[in-house]
Amino acid sequence: MSDQLDAYERMILRVLQDDASLSTGAVAEAVGLSASPCWRRIDRLEREGFIKRRVAIVERRKVGLNAQIFAQVKLNAHGRANLDEFAAAIRTFPEVLECHVLMGSVDFMLRVVAADIEAYERFFFEKLSRLPGVQEINSTVALSEIKSTTALPL
């Protein structure tokens with residue numbers, strides 16, 4: 001993958017990771033290209049999936065999501081046979097921002113946001129713990145955030 005990107009494309013990706021709202025002209029200026037070749041490169045990066053989508057990153061606390069919880073989920077043997085079913089259910093929960101399949105003693109790691117601990121408790125008992133095949137859930141509340149980024153080191 002990395003050999004498919006030239007130096008300009010890497011610079012374009014770095015600039016867009018910092019501010020995807022920039023015009024093509026502004027990106028072109030930042031990377032030292034004229035607008036047309038820059039636009040063609042951005043178009044290729046989007047068509048070929050290097051750029052998945054452009055979004056606004058919302059500050060969760062400003063919208064009332066003050067609690068961030070990491071939940072490790074272990075499935076029972078029957079549940080492991082139906083990983084797709086668990087994954088499909090998790091995708092329907094807006095509280096779950098990320099879900100990763102793990103190797104080791106637990107099967108999934110979830111990053112969950114909620115208004116507060118009471119809201120997470122409701123999510124835990126009413127949704128997460130009721131999923132078929134769930135054997136164990138270990139929740140860890142994040143006290144503060146030291147680093148959070150969406151920018152990849154290109």
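The values are calculated or read from the model by the stated rules, or taken from the named source; none is laboratory data. As the structure is a prediction and not an experimental result, all values here were calculated from the model. Quick note on the areas: whole protein, heavy atoms, side chains included, nothing else; ligands and nucleic acids left out. Shrake-Rupley method; radii C 1.70, N 1.55, O 1.52, S 1.80 Å.
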Check your understanding: Any idea what the relative contact order of segment 1-147 is, in percent, if you count C-alpha pairs under 8 Å spaced at least 6 apart?
Key -> 25
**Study point:** Cut-off under 5 Å, modelled amide H: who pairs with Glu136 long-range
**Key:** Lys74
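Accessible area per residue, 1.4 Å probe, Å², for the chain: what's the number?
Value for the chain: 67 Å² per residue.
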Point to revise | Hz values of 3J(HN,Hα) by residue in segment 30-41 - Karplus curve (6.51, -1.76, 1.60), Gly and Pro given as x | key: 5, 9, x, 10, 7, 4, 4, x, 5, 4, 4, 5
Study note, to complete from the structure: The alpha-carbon pair-distance distribution computed for the chain, with 5 angstrom bins and whole-percent values, is 2, 8, 15, 15, 12, 11, 12, 11, 8, 5, 2, 0
